[in-house]
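Quick notes on the structure that follows.
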Amino acid sequence: MVVTAGPTRERIDPVRYLSNDSSGKMGFEIARAAAERGDQVILIAGPVDQKTPPGVIRVDVESARDMLGAVKTAFLGSESRAKGSFGKKGGDALFMAAAVGDWRPKRRLSGKWRAKDGGDEVASLELVKNPDILATVGRRKGSRLVVGFALETGSGLKRAMAKLNRKSADFIVLNNETALGANRTTVAILGKDGSRVNITNKTKRDVARALVQLHYSNSAPAE
């Protein structure tokens with residue numbers, strides 16, 4: 001099983017970056033739950049302060065492009081037998097719990113950004129789109145399980161369903177901004193078959209165990 005967790009960082013210059021508030025807790029709990037069930041687990045983590053669960057291989061990355069490369073190697077398969085790869089076969093399941101940055105600066109400055117030195121009150125930063133990891137992998141997954149996440153403000157149900165279909169995932173886990181950094185969460189597990197299961201105010205460890213069960217049943221858990 002391959003699991004991603006935490007945020008990505010997109011460098012503006014040597015000391016500044018664009019990022020988000022993801023703590024990585026959900027992804028780390030999924031990795032823990034899978035390892036406890038006996039799965040081989042590769043955890044691809046953005047910059048977070050979390051301890052690696054026992055029995056889990058951890059690969060640390062920074063940017064969205066770094067994470068894409070690591071996911072392709074671990075999940076889609078590679079001739080490499082290096083750390084962070086299941087080899088030619090690839091992984092059986094992917095849980096994309098990471099909060100991947102959608103945008104990055106078009107140009108990374110080699111020195112500190114000194115826009116304020118010009119005396120202007122407003123500065124602009126040109127951004128370009130990052131690769132869409134879930135869509136890239138989803139198109140090539142075959143019969144393997146892919147579970148994505150959608151953090152939305154408001155209900156977000158229509159956007160999450162659109163994401164499920166657009167990115168060729170088997171399930172999308174919908175949550176909201178209250179999940180950031182929290183130990184408990186409320187999620188809706190949306191299946192490509194039209195199923196929906198709500199898990200309300202449970203610990204992330206409990207939610208992780210329910211999600212890992214998807215790897216074995218390939219159907220949504222009971223409420």
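Residues in the range 37-47 that are more than 15 Å from M96 (Cα to Cα) and crowded, with 17+ Cβ neighbours inside 10 Å: D39 only. Residues in the range 147-162 that are under 20 Å from A93 (Cβ atoms) and touching a residue at least 40 places away in the same chain (Cβ under 8 Å): V147, G148, F149. The set of residues from the range 128-165 being over 22 Å from A179 (Cβ atoms) and part of a helix (DSSP H, G or I) comprises A135, T136, V137, G138, N165. Give me the residue from the range 10-34 that is β-branched (V, I, T) and out of contact with any helix residue (DSSP H, G or I) (no Cβ under 9 Å at 6 or more places or on another chain) and, out of that set, surrounded by the fewest Cβ atoms within 10 Å (Cβ to Cβ). It comes out as V15. Of the residues making up the range 155-172, those that are touching a Lys or Arg at 6+ places or on another chain (Cβ under 9 Å) and buried (at least 20 other Cβ atoms within 10 Å of the Cβ) number 6.
For N175, state whether it is among the polar types (S, T, N, Q) and surrounded by fewer than 16 Cβ atoms within 10 Å (Cβ to Cβ). Spelling it out, it is not the case that N175 is among the polar types (S, T, N, Q) and surrounded by fewer than 16 Cβ atoms within 10 Å (Cβ to Cβ). Given the structure, is W103 under 16 Å from the mean Cα position of the chain (by Cα) and of a type in the set (A, V, I, L, M, F, W, C)? Yes, satisfied.
All of the numbers you see were taken from the coordinates with simple rules; none came from a lab. Since this is a predicted model, take the numbers as computed values, not measurements. Please note: Cβ atoms are built from the backbone with ideal geometry, for glycine as well, and neighbour counts cover all protein chains shown.
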